[in-house]
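Engineer: Let me give you the structure first, and then I'll get to my questions.
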Amino acid sequence: MSSQDTPVMQPAGGKTADKVFKGIAYACGILILVVLAAVFLFLFFRAWPLIGGDQSANSATISSFTGGKTDSFWGYVLPLLFGTVLVSILALLIAFFISIGIALFISHYAPKKIATALSYVVDLLAAIPSVIYGLWGGLILVPAIYPFWNWVAHYLGWIPLFAGPAANPQRTVATVAVVLAVMVLPIITSMSRDIFLQTPTLQQEAAYGLGATKWEMIKLAVLPFGKSGIVSASMLALGRALGETMAVLMILSPGLTYSIKLLQASQNQTIAANIAAQYPEANDLGVSTLIGTGLILFLITFVVNYAARKITEKASV
């Protein structure tokens, strides 16, 4: 029998299995949208008394939350939003370059045994609960970091960000940003490491063939290849920092201002930490108000992820 006469063997049930898998994949994709819409609707309807209810009662509730500083919802939530964004961006700025350095060390510089051990440590850091980071920050880092922040305030106090006097204890935005940086560092490091390891060998060898040093090879081949992944990792870490609750609640001395004085206490507060702090003593209308602030945080997080998607698409072009 010639090869042309040999019947082509089709896997049993191949077409049916393909349809089933396609249906499951579609269902999973739709499920994500359904869950996202359900979360939004839950927040919206629970916050409805704040939107369409008795505004005088709402004003009284907000005034009780702020100690009489404001009775307007936007006057209440915007300083919280400012504090949330400020803390998160500072944490990302601290963690980003350290994370990329660690990822490059693991992927291209460290011996195999050390790289394997460091990878396990990074993955372990990502699994530690946030309350543990909060305990570490509140009990160990706050007293230990005061001499450093005091030195910064003394010599760099002419910069508005580091204007003194430095608070003691250092339950400030600067200390919280350091703790959040440690929390998001494993996310950026782990994703960047995996992407750097996937850089095509031919591209790296081509760079070496052109006479590039190791750092030049990384700059010409590895970093451009991993650019979109680095952006995605950074935005994922930013989303984690935006929603962090327990660590911020356990460390930060809260305030309701638009201050950028990182070393002074009682300047800022985040939305998530404020919800956790106010929720136990809030009445029904107070809960609606807090859920309204949570709806704002949800929308901001959605916008951040949408922007990250667009940036990633441009970076991959």
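None of the figures in this text is laboratory data; all of them are computed from the coordinates on show. Please read these numbers as outputs of a predicted model, since none were measured by experiment. Here the Cβ positions follow ideal geometry from the backbone for every residue, glycine too, while neighbour counts run over all protein chains shown.
Engineer: Need one number: the % of Cα-Cα pairs in the range 55-173 sitting beyond the 23 Å mark. Working shown, then result.
Structural biologist: Values: 4045 of 7021 pairs.
Summing the P(r) tail past 23 Å for the range 55-173 gives 58 percent.
Engineer: Shifting gears a bit: Would you mind getting the Kirkwood hydrodynamic radius of the range 228-317 from its Cα pairs, rounded to one decimal in Å? Can you show the working numbers first?
Structural biologist: On the way: mean 1/r = 0.0675 Å⁻¹.
Kirkwood hydrodynamic radius for the range 228-317: 14.8 Å.
Engineer: Just order 246-255, 162-171 by mean Cβ neighbour count inside 10 Å, highest at the front, would you? Could the numbers behind the result be given before it?
Structural biologist: Numbers: 246-255: 22.6, 162-171: 18.4.
Result, highest mean Cβ count within 10 Å first: 246-255, 162-171.
Engineer: Please report, in whole Å³, the volume per residue of the convex hull around the C-alpha atoms of the range 159-317.
Structural biologist: On the way: hull volume 23.7 nm³, N = 159.
Taking only Cα atoms, the range 159-317 has a hull volume of 149 Å³ per residue.
Engineer: Moving on to the next point. Against the longest principal axis of the chain, how steep is helix 73-104, in degrees 0 to 90 to the nearest 10, with axes from Cα atoms?
Structural biologist: 40
Engineer: Related question: What nm value, rounded to one decimal, do you get for the distance between residue 54 and residue 201 when each label is placed 7 Å out toward the C-beta?
Structural biologist: 7.4
Engineer: Where does helix 14-46 land angle-wise versus the long Cα axis of the chain, in degrees 0 to 90, nearest 10?
Structural biologist: Helix 14-46 sits roughly 10 degrees off the main axis of the chain.
Engineer: Now for a separate question. Using a simple charge model, +1 on the beta-carbon of Lys and Arg, -1 on the beta-carbon of Asp and Glu, nothing else, what dipole does the chain show about its Cα centre, in debye to the nearest 20?
Structural biologist: Numbers: 17 positive and 12 negative charges, 103 e Å.
Computed about the Cα centre, the dipole is about 500 debye.
Engineer: Hey, another quick one. Find how much the distance from residue 168 to residue 78 grows on full extension, using 0.36 nm per residue of separation minus their present alpha carbon separation; answer in nm with one decimal.
Structural biologist: Details: separation 90, 0.36 × 90 = 32.40 nm, distance 2.71 nm.
Going from the current span to full extension adds 29.7 nm.
Engineer: Using the per-residue mean of other Cβ atoms lying within 10 Å as a proxy for protection, in what order, highest first, do the peptides 185-196, 227-238, 26-37, 137-148 fall? Walk me through the numbers on the way to the answer.
Structural biologist: Numbers: 185-196: 22.6, 227-238: 20.8, 26-37: 10.0, 137-148: 15.8.
Those peptides, ordered most packed to least, come out 185-196, 227-238, 137-148, 26-37.
Engineer: OK, next. How far is helix 55-66 tilted off the main Cα axis of the chain, in degrees rounded to 10, range 0 to 90?
Structural biologist: 90
Engineer: Averaged over all directions, how much area does the convex hull of the C-alpha atoms of the range 143-248 cover when projected, in nm²? If you can, show how the numbers build up before the last one.
Structural biologist: Numbers: hull surface 37.4 nm².
Result: a mean projected hull area of 9.3 nm².
Engineer: Further question: Straight distance only, please: which lysines reach the Cα of residue 227 with their own Cα at less than 20 Å, same-chain residues fewer than 8 apart left out?
Structural biologist: 214, 219, 310, 314
Engineer: Helix-derived [θ] at 222 nm for the chain: sum -39500 (n - 2.57) over DSSP H runs of at least 4, divide by residue count, nearest 500?
Structural biologist: On the way: 14 runs with 221 residues, N = 317.
After summing the helix terms and dividing by the residues of the chain, the value is -23000 deg cm²/dmol.
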